[in-house]
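The values are calculated or read from the model by the stated rules, or taken from the named source; none is laboratory data. None of these values were measured; they are calculated from a predicted model. Glycine also receives a Cβ, built like all others from the backbone with ideal geometry; neighbour counts cover every protein chain displayed. Heads up: the accessible areas ignore ligands, DNA and RNA and are worked out on the full protein's heavy atoms, side chains in. Shrake-Rupley method; radii C 1.70, N 1.55, O 1.52, S 1.80 Å.
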Amino acid sequence: MKYAEVQNCIGGAFVSPDGPTLDVYDPSIGRVISRVPLSSARDVDAAVSAARAAFPAWSSRPIKERVQVLYRYKALLERHIDELSALVTEENGKIASEARAEVLKSAELTEFACSLPQIVTGEVLEVSRGVECRVERFPVGVVASITPFNFPNMVPNWSIPNAIGLGNCMILKPSELVPLSARRIVELLHEAGLPDGVLQVVHGGQETVEAICDHPDIAAVSFVGSTRVAQIVYRRATSHLKRCLALGGAKNHLIVMPDADREMAATNIVASMSGCAGQRCMAASVMVAVSQTDHIIARMVEVAKAMVPGRDVGPVISAAARERIIRYITEAEAAGAKVLVDGRNATVSGREDGYYLGPTIIDYVTPDMRIATEEVFGPVLVIVRAKDVEQAISIENASRYGNAASVFTESGGVARYVMEKASAGMVGVNVGVPVPREPFSFGGWNESRFGVGDITGRGSIEFWTQAKKMTTKWNKEAGVNWMS
Ligand code: NAD
């Protein structure tokens, strides 16, 4: 095995829990590169004890002091970018440029956290003669972050810098499919000066997550993953009276108008559906082609056909994922859809056992087909035809998800109409991947998010803190009334 068995990090020490382990694969070659422990409730409990022990000292440091660690961490992310992106490529399969972009995004997220002291300044007002009210934000305590396989470096960094910068101590539970990046994240934070116990890493799967949801000393749980598991985690964590923000899956609709710029639309849409092998919660999944857009589709087919698996498109995460995606395509074809670009038989020379698929574009899909409503999570775009923008919006609005939506048009009026009417938390105009960048917050609507607030940017401050309202009176002349 290329890497030793992955360990938990508890109280600053790397430890191997007892119990079962799971193989970790490099999806580009289909071979085992490491093993990950499946931690038990006892391991979660040990992590919580370490976090509780670290909390009083960490939370009482001034925020300006806490973020000094994050300044140094950001510099370390940049200094180690080659090594960190190589790890992402190995455990997740992303091509080199995508893995690098992911680590750069982690640096941007950390940069935002460095600015928290400028943002979380409290409020103060004299509310009656000599009586002052002020609001200050305090950390919630020991918190947890449960993350998915598709961004082994970035999604942990959605929560870690903001949560710890705001004074919390955290338990990170990475995806068991991609556990390697988490070790370097916690090592670099310690190198940057993070005290032991502020961040624990506990590896595992369902049992570990359930123990996190159930633990009485974890105050808040953030989750990113599929809608099925987001619902399980949200229900379980809130049943234990914790605050919970659970981000789920997606089925993003891109509405393409006949007046759209042909080249811009075609290249952006293909990049969105095929980037990271389609394994992004912001990936284009359904193109709603309004009226006469065949000239744009023809160009998309050219762009997609020119892409080379292994060079431009990485593998999907597992053999099972590859089979599932192929089943969706085959079923749609059997139901009468037309496969314009077929990536089912992709192979990469020298990596024949990798889980590769080429970009796949399927036309004449009807809104009731499974491939048009369920999350496929692969490099697959379906095209649904609509006669006008109103019909396109009604197709988009019928989705149970609501992460992202976009419109491609030259008309400001149509763009504004779609921005208003789309039932999604993140909407783009002529943008294939409408990710809000810091300081703006990331988060969807409908079954793409359970709980209130967003996971990054300003929106996350509410989730990771609690406000204390303080009323003070120092001068005797202030007088007395029924309120103060
Ligand atoms: P997943 O739901 O299978 O796993 C996510 C986490 O949940 C992992 O840490 C896993 O160990 C844990 N888990 C899995 N099954 C569980 C169970 N039964 N009970 C408790 N915990 C369980 O998701 P994934 O396959 O790793 O990631 C892909 C999904 O994540 C896609 O649906 C994608 O859209 C979504 N995603 C969403 C966002 C967003 O911002 N909305 C971002 C990234 C990924």
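Computed values, structure above
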| item | result |
| --- | --- |
| Selected residue (only one of PRO216, PRO258 is more than 14 Å from the ligand (Cβ to nearest atom), closer than 23 Å to ALA337 by Cβ, open to solvent by 10 Å² or more (accessible area, probe 1.4 Å) and of a type outside the set (Val, Ile, Thr)) | PRO258 |
| Near pairs, Cβ below 9 angstrom, 6+ apart or cross-chain, from the range 275-300 (under 15 Å from LYS251 (Cα atoms)) to any residue that is among the small types (Gly, Ala, Ser) and assigned to a strand (DSSP E or B) | GLY278/ALA284; GLY278/SER285; CYS281/ALA404; MET282/ALA404; ALA283/ALA404; ALA284/ALA404; ALA284/SER406; VAL288/ALA386 |
| The range 277-305: number of residues that are part of a loop (DSSP other than H, G, I, E, B) and either open to solvent by less than 10 Å² (accessible area, probe 1.4 Å) or under 15 Å from ALA405 (Cα atoms) (or both) | 6 |
| Flag for ALA230 being open to solvent by less than 10 Å² (accessible area, probe 1.4 Å), assigned to a strand (DSSP E or B) and either in contact with a Gly (Cβ under 9 Å, 6 or more places away or on another chain) or away from the ligand (no atom under 11 Å from the Cβ) (or both) | no |
| Which listed residue is out of contact with any Phe, Trp or Tyr (no Cβ under 9 Å at 6 or more places or on another chain) and not polar (S, T, N, Q), from GLY167, GLY204 | GLY204 |
| Hits in the range 184-213 (condition: under 21 Å from ASN168 (Cβ atoms), open to solvent by 10 Å² or more (accessible area, probe 1.4 Å) and part of a helix (DSSP H, G or I)) | GLU187, HIS190, GLU191, VAL209, ALA211 |
| The range 446-484, residues that are among the aromatic types (Phe, Trp, Tyr) and not assigned by TED's automatic domain parsing to the domain that holds PHE223 | TRP474, TRP482 |
| Filter result (within 16 Å of LEU245 (Cα to Cα), part of a strand (DSSP E or B) and more than 10 Å from the ligand (Cβ to nearest atom)) within the range 140-171 | VAL142, VAL143, ALA144, MET170, ILE171 |
| Answer residue from the range 7-16, given it is part of a strand (DSSP E or B) and not aliphatic (A, V, I, L, M) and is surrounded by the fewest Cβ atoms within 10 Å (Cβ to Cβ) among those | PHE14 |
| Pick from the range 126-139, criterion open to solvent by 50 Å² or more (accessible area, probe 1.4 Å) and not in a loop (DSSP other than H, G, I, E, B), ranking: nearest to LEU180 (Cα to Cα) | PHE138 |
| Selected residue (only one of GLU410, GLU375 is within 16 Å of the ligand (Cβ to nearest atom), open to solvent by 20 Å² or more (accessible area, probe 1.4 Å) and acidic (Asp, Glu)) | GLU375 |
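Yes/no matrix, rows are residues, columns are (1) part of a helix (DSSP H, G or I); (2) free of Cβ contacts under 8 Å to residues at least 40 places away in the same chain; (3) under 26 Å from ASN162 (Cα atoms):
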{"site": "TYR3", "(1), (2), (3)": "no, no, no"}
{"site": "ASP18", "(1), (2), (3)": "no, yes, no"}
{"site": "ASP23", "(1), (2), (3)": "no, yes, no"}
{"site": "SER28", "(1), (2), (3)": "no, no, no"}
{"site": "ARG52", "(1), (2), (3)": "yes, no, yes"}
{"site": "GLN68", "(1), (2), (3)": "yes, no, yes"}
{"site": "GLU90", "(1), (2), (3)": "yes, no, no"}
